[in-house]
Structures are given as structure tokens and as C-alpha cells.
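Note sheet for the following structure.
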Amino acid sequence: MYKTASTYTFKIVMVTVLTFTLFSCRKYVENVPVQGQRVLVYTQDYRLLLNNRNNQEVGAGNTAILSCDDVELSDPEVQISLANNTTNSAIYGWKNPFYFGETDDFDWNFMYNAIYVYNTVLKGVLESKGGSPDQRNALYAEALINRAFTFFTLTNLYGKQYDAATAATDPAIPLLLSPELFVKLNRASVREVYDQIIKDLKEALPLIPVVQASTVQPNRAAAYALLAKVYLNMRDFEAAKTAAEQSLSLNSSLYDYNTFLTTNILPTQYTDKQVLLRKVPRSSFYPLQLSPSLLNLLDEKDLRYELFTRPGSNFYPAFQGTGFWSRDNYNDKSPVGLTVNETWLIRAECLARTGKRDEALTMVNDLRKMRFRPADYQAVTATSDQEALQRVVEERRREFFGTGLRWFDQKRLNKDAAFAKSVTRMIGNVTYTLEPNSNAYVFQFAEKLVAQNPEMVQNPK
């Protein structure tokens, strides 16, 4: 049985004991652990620390899911549910800030709390006792990969899209690299954060095992998969393709969704062969009414439509239209971490962008064969490289709807004139429009966080 830190009765001196408001630096001193608790000495202590799923597994969640064009909460009943939460209403209308007054941004708090854990492991695990060098190195590498993933998520929520021309001056997030109790939260540039992510991943790659006990523990394929995502966002498509191929050479396992038709139950993410690193949303709005633009892409014979959507009458409150039937309705939350299927489509996109249209379409169609009954499958085709790229982008949307990954695609695809578009939605009688490259693509920090840490320059509205 895979054990979490909470399985054990002893306590470890760590900032995981702190409250989720820990990232007001002035609050650290109020939560110093008391004398008599066990300190981090043994390699196994660090293993248990990284096994604490409640803190380590939070990825992008509600803000990305509600902001992206996969959802359109137009039904009156869903609008009432939306109006009952001012934060969700602000997110859905792209009305920065989402967290005003004394409201906490718990996604931010959880992710920076996790970064403190990773920094603690990085500082001490190599000098710990009782473990072998390989065990210590593996834990060190796990912390590097997890920290890199969390920095990547945060900077793509709260910083501008990477642009080689401006990344050195575009502000991103505080780049905290050591477990200090008193820190200034000055913002590093987008380039500085990306450079650190790449540095962490390259340091981790020779140390991380090829096989791990659980998807909570990143393996080498996960490190390469994250490197592929990073390079894709930097628009270094050759480097992204190479990293994706290195990941897929270690794990290219995809499920044929036909095997799930009799039970409608997917495997738990802890054993899911498509999941390379499990990260899940901390929370998500419910119910998620899907947008016409998404549904127009989804053939009703597509097994993703069959498995992951339901008529609005199946939800509470009931609504007219179609809703996202998430893995929560089976046995788990929707994956927003690193997966084989996303890495597969990263390689396909890079092939399309580098003039290898036929290879890109082969990858798309090899995936689609596992997303339709054999009698319903039809291959997609393209007569140009741009059309092939369009097919890949459409397939990404079909494969990951409901997870919020579409928000990050919208943001990065604004750099392509062919994909940049305006999105319009209504709350009550008020119309809101999201323009390409709008400031709304860069989330503001919680007002409380900026008030407590004035060195953090707020993002523009």
C-alpha cells in the first residue's frame, strides 16, 4: 500500500505545519513548529514528506477551467449557481482580481506551500542518513521535477506568455529557491523562471529513476514530458519534439477507450499508464456546461463524448445543454499534470510546425483510433502544413476538455494569427469579451497578498 505522511503518528518539522497563509512573509514567525517534534534526519523522512499528497498534487484548477472557452455557463440555472460565488463569477467574466479584500487565493497558497516542501528536500536530503545514494538522489530529483512543474504552472497563470523578445523584462512570479522563513516576494522575469525550470529538469534527468512506484512520484519520462511542454511554450519546436520523443521512448502507453465502455470506469490515476505525474485541481466549479464551440468539435460517436459528457439533466442543478462528466464522477479528479497523451500530441504539433505533415497526421490518427469504435473511426486529413497543425490543435481540445489545459493553449496560441480569437460570454445581461493577448490572460494576485507584500507589483487589469 502506498503510504502518505499522514499515515504516521510522528510529526516532521516542516512548513507543511504552517497555515495556508504562509506566503505573507510576515506570518511565518507566527507558525514556527514547537519544540519536541521530530526533525528531518533520515532519508525516509524526506520520502514521507514527498508522499504528502494533499500538498504536492495541486495543479492548475478552477481559474483555468472557468476561464477557458471549453465552458459556456449560459443556462439560467447554472448562472444562478455561478452568481452565488463572487470569486467564480469574477473568474468566468475575466474580471481581475478574482480574490479581493481578505479573500485568499488558495491555489497560490497550496502551490507555494508545496514549493517550500521541495526546497526543504533539496536542501537536506543529500545529507540525510539511512538511505542509499540512489535513494537520496531520486528524492532530490523528484523535488526538482515537482518544483519545476509548479513554477511552470504558476508563471503561466500569473505571468505573460513566454515571448523571446520580452521574456527578460516581463514579470512573472517570486522565484523562491530555498526554504527560508522570512523572504521578499520580488517577481522574477518570465525568462528567469523558464531558465530555472530548464536547469532543474536537466539536473534531475540523470538522477531520476525510469520506473517509480506511483504516478505521484515523477519518473524520467515525466521529466522529459515537462521539458517538452516548456520548449513548446517557448516556441522552440525542434527542442520540444526531441524532448517529447525522449519521453515517449520511455513510455508511449495509451489506452484504447473501447475497453472502458462496459464499465464506464477509468483506472485510478495512481496506476493510470497514461499519467506520468499526477497533479489535480484543488477545486472546480460544478456543474460545467460545455460550450457550443467545443461540442461542435466533438463527434457524438467519439468515445470521449460518450465517457466524459452527460446531458444537463444528469447534474444538479439540472440545465439545458451538455455538461462535463469528470473523473470525479468515476473515481478521481481530472488529470492536469503530465501525461503520455499530451506528450504524444506535443510531438504531433511540433512535427506539423516543422513541415512534417504526414508524420503529424499519423500520430493524430493513431490516437483517434483508440477514441472511436472501429466501425465509427474516420481518419483526419490535411492538404497543407497549416491545416495539419489545425487538426492537432483540435485534437488537443477534444482530448483534454474539462481539465483547464485549454486555457494554456489559448494563451500560447495567441502568438499564432491563425488561432488568435476573441471569446464572448454573458453573465446576466452583461457581455464580457476576452481579446487575444488581453491582460486578462495574466491573472492578478490576491489583493490580500499584495497588501501584505508590497514588493509584489500587481499585474494590470
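Per-residue answers, yes or no, for (1) within 27 Å of Val190 (Cβ to Cβ); (2) out of contact with any His (no Cβ under 9 Å at 6 or more places or on another chain); (3) modelled with pLDDT of 95 or more:
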{"site": "Thr215", "(1), (2), (3)": "no, yes, no"}
{"site": "Ala223", "(1), (2), (3)": "yes, yes, yes"}
{"site": "Leu261", "(1), (2), (3)": "no, yes, no"}
{"site": "Tyr270", "(1), (2), (3)": "no, yes, no"}
{"site": "Leu294", "(1), (2), (3)": "no, yes, yes"}
{"site": "Leu307", "(1), (2), (3)": "no, yes, no"}
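With the structure loaded, tell me whether Leu297 is surrounded by fewer than 21 Cβ atoms within 10 Å (Cβ to Cβ), within 28 Å of Phe237 (Cβ to Cβ) and of a type in the set (A, V, I, L, M, F, W, C) or whether it fails that test.
Working: surrounded by fewer than 21 Cβ atoms within 10 Å (Cβ to Cβ): yes; within 28 Å of Phe237 (Cβ to Cβ): yes; of a type in the set (A, V, I, L, M, F, W, C): yes.
Yes.
Here are some conditions: (1) surrounded by fewer than 23 Cβ atoms within 10 Å (Cβ to Cβ); (2) part of a helix (DSSP H, G or I); (3) touching a helix residue (DSSP H, G or I) at 6+ places or on another chain (Cβ under 7 Å). Ala348 meets all but one. Which one does it not meet?
Unmet condition: (1).
Residues are listed down the side, and each one gets a yes or a no for (1) under 19 Å from Ser67 (Cβ atoms); (2) assigned to a helix (DSSP H, G or I):
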| residue | (1), (2) |
| --- | --- |
| Arg373 | no, no |
| Gln386 | no, yes |
| Glu394 | no, yes |
| Lys411 | yes, yes |
| Phe419 | yes, no |
| Lys448 | no, yes |
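Return the residue satisfying two criteria in turn: it lies in segment 225-269 and is without any contact (Cβ under 8 Å) to a residue 40 or more places away in the chain and not in a loop (DSSP other than H, G, I, E, B), and of such residues it is nearest to Leu50 (Cα to Cα). First the steps, then the outcome.
First, the residues of segment 225-269 that are without any contact (Cβ under 8 Å) to a residue 40 or more places away in the chain: 227, 231, 236, 239, 242-243, 246, 249, 259, 262-263, 267.
Remaining after also requiring not in a loop (DSSP other than H, G, I, E, B): 227, 231, 239, 242-243, 246, 249, 259.
Numbers: Leu227: 21, Tyr231: 27, Ala239: 30, Thr242: 29, Ala243: 26, Gln246: 26, Ser249: 27, Thr259: 33 Å.
Filtering first and then ranking leaves Leu227.
Exactly one of (1) basic (Lys, Arg); (2) buried (at least 23 other Cβ atoms within 10 Å of the Cβ); (3) more than 14 Å from Leu338 (Cα to Cα) is unmet by Lys184. Its number?
With (1) basic (Lys, Arg); (2) buried (at least 23 other Cβ atoms within 10 Å of the Cβ); (3) more than 14 Å from Leu338 (Cα to Cα) applied to Lys184, the lone miss is (2).
Filter segment 55-65 down to residues that are of a type outside the set (Val, Ile, Thr) and not in a helix (DSSP H, G or I) and give me whichever is modelled with the lowest pLDDT. Give the derivation first.
Quick first cut of segment 55-65, residues of a type outside the set (Val, Ile, Thr) only: 55-57, 59-62, 64.
Subset that is not in a helix (DSSP H, G or I): 57, 59-61.
On the way: Glu57: 89, Gly59: 90, Ala60: 89, Gly61: 84.
Of everything passing the filter in segment 55-65, Gly61 is modelled with the lowest pLDDT.
Which of the residues spanning segment 25-54 are modelled with pLDDT of 75 or more and polar (S, T, N, Q)?
Our first condition is that a residue be modelled with pLDDT of 75 or more; within segment 25-54, this holds for 39-54.
Those that are modelled with pLDDT of 75 or more and polar (S, T, N, Q): Thr43, Gln44, Asn51, Asn52, Asn54.
Give just the number: which of (1) under 24 Å from Asp105 (Cβ atoms); (2) outside any loop (DSSP other than H, G, I, E, B) does Thr431 not satisfy?
(1)
Residue under question is Asp302, and the condition is that it be modelled with pLDDT of 95 or more, in contact with a Lys or Arg (Cβ under 9 Å, 6 or more places away or on another chain) and surrounded by fewer than 14 Cβ atoms within 10 Å (Cβ to Cβ); does it hold? Lay out the reasoning, then the answer.
Numbers: modelled with pLDDT of 95 or more: yes; in contact with a Lys or Arg (Cβ under 9 Å, 6 or more places away or on another chain): yes; surrounded by fewer than 14 Cβ atoms within 10 Å (Cβ to Cβ): no.
When the stated conditions are applied, Asp302 does not pass them.
Consider segment 198-255. How many of its residues are over 17 Å from the mean Cα position of the chain (by Cα), more than 20 Å from Val58 (Cα to Cα) and not hydrophobic (A, V, I, L, M, F, W, C)?
Qualifying residue count, segment 198-255: 19.
Residues are listed down the side, and each one gets a yes or a no for (1) of a type in the set (Ser, Thr, Tyr); (2) within 21 Å of Phe285 (Cα to Cα); (3) in contact with a strand residue (DSSP E or B) (Cβ under 7 Å, 6 or more places away or on another chain); (4) in contact (Cβ under 8 Å) with a residue 24 or more places away in the chain:
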{"site": "Arg47", "(1), (2), (3), (4)": "no, no, no, yes"}
{"site": "Asp75", "(1), (2), (3), (4)": "no, yes, yes, yes"}
{"site": "Lys95", "(1), (2), (3), (4)": "no, yes, no, yes"}
{"site": "Val117", "(1), (2), (3), (4)": "no, no, no, yes"}
{"site": "Ser128", "(1), (2), (3), (4)": "yes, no, yes, yes"}
{"site": "Ala141", "(1), (2), (3), (4)": "no, no, no, yes"}
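When you look at Asp272, is it crowded, with 18+ Cβ neighbours inside 10 Å, assigned to a helix (DSSP H, G or I), among the charged types (D, E, K, R) and under 20 Å from the mean Cα position of the chain (by Cα), yes or no?
So Asp272 does not fit the description; no.
The values are calculated or read from the model by the stated rules, or taken from the named source; none is laboratory data. Note that the coordinates shown come from a computational prediction; the quantities given were computed from them, not determined experimentally. Cβ sites come from the backbone with ideal geometry, for glycine too, and all protein chains shown count toward neighbours.
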